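What follows is a single structure, written as structure tokens, with notes after it.
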Amino acid sequence: AQSVAQPEDQVNVAEGNPLTVKCTYSVSGNPYLFWYVQYPNRGLQFLLKYITGDNLVKGSYGFEAEFNKSQTSFHLKKPSALVSDSALYFCAVRGPGGNRLAFGKGNQVVVIP
Amino acid sequence: NAGVTQTPKFRILKIGQSMTLQCTQDMNHNYMYWYRQDPGMGLKLIYYSVGAGITDKGEVPNGYNVSRSTTEDFPLRLELAAPSQTSVYFCASRDRDSNTEAFFGQGTRLTVV
């Protein structure tokens, strides 16, 4: 079975500082990894994905994520956080050939002006 | 493109009542999913479908039913509503290509009283 762990409930960061949201996963075989963002009372919006290739993946709104196979991690990063980045962030994994996408519990990011 | 459309956006049900949550997508996606989101719990998969006429259970299918008579539509049926079904429900779809990300609807907030 596949699973995702997002160990922190909330991440607080000052505006302009680097932002990191942690994610570790468990899956059989090579993973397909995704990050989504959810703003209040909205659906999930896709940010970026890792399928294969370069371990550093760049996505929307200046976000990037680094795939680390040995640590089974896929941490989301942004060099300089904005107040508008305050939202709920979800990491998700799917196994090769799998139909299901497993989500972590989500991390609330609060960017302090 | 409208993407994934869910109706209604909000609904209050009494215990024992029934309702259908509607989901339609206009992207000709083969795969469709229903998730429920509870605070601090992430997204849990209820049912999914890999194409018209094919459905399968996810992690939390009890109390729900689905059908997939067309590629576009994937309604979720609650037969005897219970307070434990109070949640936010999200429908999602994706292309059959395993590299692709899922697209989400805006959600239906359901309260059972």
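Given (1) at pLDDT 95 or above; (2) part of a strand (DSSP E or B); (3) open to solvent by less than 60 Å² (accessible area, probe 1.4 Å), identify the lone condition not met by B:GLN22.
(3) is the only condition that B:GLN22 fails.
Rundown of residues vs (1) at pLDDT 95 or above; (2) more than 9 Å from chain A (Cβ to nearest Cβ); (3) open to solvent by less than 10 Å² (accessible area, probe 1.4 Å); (4) at positive phi, yes/no style:
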residue: B:TYR35; (1), (2), (3), (4): yes, no, yes, no
residue: B:PRO39; (1), (2), (3), (4): no, yes, no, no
residue: B:THR71; (1), (2), (3), (4): yes, yes, no, no
residue: B:ASN99; (1), (2), (3), (4): no, no, no, no
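I'm trying to understand the selection: among the residues of the range B:79-106, which are of a type in the set (Ser, Thr, Tyr), within 22 Å of A:ARG94 (Cβ to Cβ) and in contact with a Gly (Cβ under 9 Å, 6 or more places away or on another chain)? Working first, answer last.
Residues of the range B:79-106 of a type in the set (Ser, Thr, Tyr): B:84, B:86-87, B:89, B:93, B:98, B:100.
Add one more test, that the residue is within 22 Å of A:ARG94 (Cβ to Cβ), and what stays is B:89, B:93, B:98, B:100.
Once the filter is applied, which keeps residues that are of a type in the set (Ser, Thr, Tyr), within 22 Å of A:ARG94 (Cβ to Cβ) and in contact with a Gly (Cβ under 9 Å, 6 or more places away or on another chain), the range B:79-106 yields B:TYR89, B:SER93, B:SER98.
Under 7 Å by Cβ, and 6 or more places apart or on different chains, what pairs join a residue from the range B:1-14 that is within 13 Å of B:LEU78 (Cα to Cα) with one that is in a strand (DSSP E or B)?
Here the result reads B:ARG11/B:MET19; B:ARG11/B:THR108; B:ARG11/B:LEU110; B:ILE12/B:THR111; B:LEU13/B:MET19; B:LEU13/B:LEU110; B:LEU13/B:VAL112, each pair linking the range B:1-14 to a residue that is in a strand (DSSP E or B).
Considering only the range B:74-88, I want to know if a residue exists there that is within 29 Å of A:PRO31 (Cα to Cα) and open to solvent by 50 Å² or more (accessible area, probe 1.4 Å).
No - not one qualifying residue is present in the range B:74-88.
If you go through the range B:73-97, how many residues are within 14 Å of the chain's Cα centre (by Cα), within 14 Å of chain A (Cβ to nearest Cβ) and of a type in the set (Lys, Arg)?
Matching residues across the range B:73-97 total 1.
Going by the structure shown, is B:GLY105 within 11 Å of the chain's Cα centre (by Cα) and either among the basic types (Lys, Arg) or open to solvent by less than 50 Å² (accessible area, probe 1.4 Å) (or both)? Spell out the reasoning first.
Working: within 11 Å of the chain's Cα centre (by Cα): yes; either among the basic types (Lys, Arg) or open to solvent by less than 50 Å² (accessible area, probe 1.4 Å) (or both): yes.
Against the criterion (within 11 Å of the chain's Cα centre (by Cα) and either among the basic types (Lys, Arg) or open to solvent by less than 50 Å² (accessible area, probe 1.4 Å) (or both)), B:GLY105 qualifies.
Please determine, by comparing only the residues of the range A:63-112 that are charged (D, E, K, R), touching a residue at least 12 places away in the same chain (Cβ under 8 Å) and in a strand (DSSP E or B), which one is surrounded by the most Cβ atoms within 10 Å (Cβ to Cβ).
The extreme case among them is A:ARG94.
Name every residue in the range A:31-52 that is open to solvent by 30 Å² or more (accessible area, probe 1.4 Å) and either modelled with pLDDT of 90 or more or in contact with a helix residue (DSSP H, G or I) (Cβ under 6 Å, 6 or more places away or on another chain) (or both), in order of residue number.
Within the range A:31-52, the first condition is being open to solvent by 30 Å² or more (accessible area, probe 1.4 Å), and the residues that meet it are A:32, A:39-42, A:45-46, A:49, A:51-52.
Within the range A:31-52, A:TYR32, A:TYR39, A:GLN45, A:PHE46, A:LYS49, A:ILE51 meet the criteria.
Just a yes or no: is a residue in the range A:1-23 surrounded by 12 or more Cβ atoms within 10 Å (Cβ to Cβ), among the polar types (S, T, N, Q) and without any contact (Cβ under 8 Å) to a residue 12 or more places away in the chain?
No, that holds for no residue.
Of the residues that make up the range A:20-37, is at least one more than 21 Å from B:GLY40 (Cβ to Cβ) and more than 14 Å from chain B (Cβ to nearest Cβ)? Let's see the steps before the verdict.
First, the residues of the range A:20-37 that are more than 21 Å from B:GLY40 (Cβ to Cβ): A:27-33.
Then drop every residue that is not more than 14 Å from chain B (Cβ to nearest Cβ), which leaves A:28.
Checking the range A:20-37: at least one residue is more than 21 Å from B:GLY40 (Cβ to Cβ) and more than 14 Å from chain B (Cβ to nearest Cβ).
Can you find even one residue in the range B:53-72 that is among the aromatic types (Phe, Trp, Tyr) and closer than 20 Å to B:THR100 by Cα?
Going residue by residue through the range B:53-72, those that are among the aromatic types (Phe, Trp, Tyr) are B:64.
From what is left, the residues that are closer than 20 Å to B:THR100 by Cα are none.
Looking for residues that are among the aromatic types (Phe, Trp, Tyr) and closer than 20 Å to B:THR100 by Cα, one finds none in the range B:53-72, hence no.
If I filter the range B:41-60 down to residues being aliphatic (A, V, I, L, M), within 11 Å of chain A (Cβ to nearest Cβ) and under 12 Å from the mean Cα position of the chain (by Cα), which single residue comes out as surrounded by the fewest Cβ atoms within 10 Å (Cβ to Cβ)? Working first, answer last.
Taking the range B:41-60 as the starting set, the residues that turn out to be aliphatic (A, V, I, L, M) are B:41, B:43, B:45-46, B:50, B:52, B:54, B:60.
Filter once more, keeping what is within 11 Å of chain A (Cβ to nearest Cβ): B:41, B:43, B:45, B:50, B:54.
Going one step further and asking which of them are under 12 Å from the mean Cα position of the chain (by Cα), we end up with B:43, B:45.
Details: B:LEU43: 26, B:LEU45: 21.
Residue satisfying both the conditions and the ranking: B:LEU45.
Is there any pair with a first residue in the range A:35-57 that is of a type in the set (Lys, Arg) and a second that is open to solvent by less than 20 Å² (accessible area, probe 1.4 Å) whose Cβ atoms are under 6 Å apart and which are 6 or more apart or on different chains, and what are they?
A:LYS49/A:PHE34
The values are calculated or read from the model by the stated rules, or taken from the named source; none is laboratory data. Computed from a predicted structure; not experimentally measured. For neighbour counting, all protein chains shown are included, and Cβ atoms are generated from backbone atoms with ideal geometry for every residue, glycine included. Side chains included, ligands, DNA and RNA excluded: accessible areas come from the protein's heavy atoms. Shrake-Rupley method; radii C 1.70, N 1.55, O 1.52, S 1.80 Å.
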